[in-house]
Amino acid sequence: MSYEKMAALVTRLANVTEQRTDLWERTSEDGVFQASFPTYAVRIDQRPGDSYQNESDIFVRIFDDDGTLIEEVSDSDLSRVMNGAYVVLVRLYEAARRQAMGVEAALDSILEALGGEGEVDPPGAVDADEGTDLPF
Amino acid sequence: MAEVKRLHRLETWQLLPERYDVLRRSLIRIKASGPSLTEVQLSQIQSAIQHFASMEKQVEKYLAAPDGPKPSVPRMNGIITTQLDTLTELMSALRARGD
């Protein structure tokens, strides 16, 4: 199996997930998220693997045009050819979950409904008048 | 798809794998017969094909081992409702275009 190509796919998916808001969707299985393309579909999920005891692995599966599973890799498989594979896949899984569940849209909507009430400066923010030695 | 939702509610699991298969094959035919479909439309149909293929597997697994986790009817019907809306919109667009 070409783990290098799968690593490239995961990296590309992570980048595209950041750029798009409609790539991932929910499925009929809890904790499994799906991205569809013209001829294939990709699913990502988290389940007990064999890498570490009591720790879940992230799995990426590819399905062909009639829905048959044709490839599956876990973060422990990808770690053979990819530095930080677990971190990359955990981030991808979390981004896919948030996108599929509509978390960003919900937060935007709630923030808009709340308006500017109770707004606080983010940590490290500096007033326009601060941080300068000018006497005016 | 509405019939499949009804069968889910009635939990007539034995009848469902065949229905998923019929739906999936119909979608594959639509995809194959629509050369002018856009990439987005092809992806939408592929999404539905994948959902039905996975539901079929999920239900077959439950039928083989009924002591295992039971498929969630609200979750499955929620997915089908979304797919039905998307595909209805897609078919309307194709009809309007005269395909």
Checklist entry - For the protein assembly as shown, what number results from the quotient of the Cα radius of gyration and 2.2 N^0.38 Å? => result 1.25
Next on the checklist: At 222 nm, what value in deg cm²/dmol follows for chain B if DSSP H runs of at least 4 each add -39500 (n - 2.57) and the sum is divided by all its residues, to the nearest 500?
Outcome noted: -27000 deg cm²/dmol
Next on the checklist: Stokes-Einstein diffusion coefficient for segment B:17-97 at 20 °C in a medium of 1.002 mPa s, Rh from the Kirkwood formula over Cα pairs: what value in µm²/s?
Outcome noted: 156 µm²/s
Checklist entry - For chain B, which DSSP H helices look membrane-span-like by this rule: Cα extent along the axis of 15 Å or more and mean Kyte-Doolittle of at least -1.0? => result B:16-33, B:39-64, B:73-97
Next on the checklist: Report the Cα centroid-to-centroid distance between segment A:76-101 and segment B:84-99 in angstrom, as an integer.
Outcome noted: 35 Å
Checklist outcome for this item: The alpha-carbon pair-distance distribution computed for segment A:3-113, with 5 angstrom bins and whole-percent values, is 2, 12, 22, 24, 20, 12, 5, 3, 1, 0
Item to check | 13 Å beta-carbon shell around B:Ser43, net charge (K/R +1, D/E -1) | outcome: -2
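Values in this text are rule-based calculations from the coordinates and carry no lab data. Since this is a predicted model, take the numbers as computed values, not measurements. Positions of Cβ are backbone-derived with ideal geometry, glycine not excepted, and every protein chain shown enters the neighbour counts.
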